[in-house]
Amino acid sequence: MRYFFITSLLVAASVLTPLPAAQIHDADVRGDITAIKAQLEEGLIIELPVAKDEPKEGFTPLALAITELQYDAMVFLSNTEQT
């Protein structure tokens with residue numbers, strides 16, 4: 001049981017670790033719904049934060065869309081459920 005818990009923590013940490021310049025963040029800044037949708041279909045986690053030491057560190061794709069005034073991306077991301 002202890003190993004299962006530790007393994008679960010390691011998997012969760014690796015999945016939620018921010019990646020530098022993730023393509024979904026670039027697509028959010030551009031308001032490119034097609035690119036956002038493609039990234040999510042490939043399995044990218046919708047809550048992926050911007051990497052540490054990057055501008056807007058910790059922002060999620062939805063937060064980026066809001067701050068960049070990308071209305072269509074904001075609506076798309078707010079209505080998207082990840083399975």
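Here are a few things to note about the model shown:
- Potential extension, Glu42-Val29 segment - 0.36 nm per residue separation minus Cα distance: 2.7 nm
- Which of Glu81, Glu68, Glu57 has the fewest Cβ neighbours within 10 Å, and the rest in rising order: Glu81, Glu57, Glu68
- Within-11-Å neighbourhood charge of Ala73 [Cβ basis; K, R +1; D, E -1]: -2
- Ranked Val29, Val75, Val50, criterion: other C-beta atoms within 10 Å, fewest first: Val75, Val29, Val50
- Rounded to the nearest 20 debye, the dipole size of the stretch 18-78 about its Cα centre is 60 debye, using +1 on the Cβ of Lys and Arg and -1 on the Cβ of Asp and Glu.
Only the coordinates and a few stated rules stand behind these numbers; no lab work does. Predicted model, so just to flag it, every value in this text is computed and none were measured. When we count neighbours, we look across all protein chains shown, and the Cβ atoms used for this are built from the backbone with ideal geometry, even at glycine.
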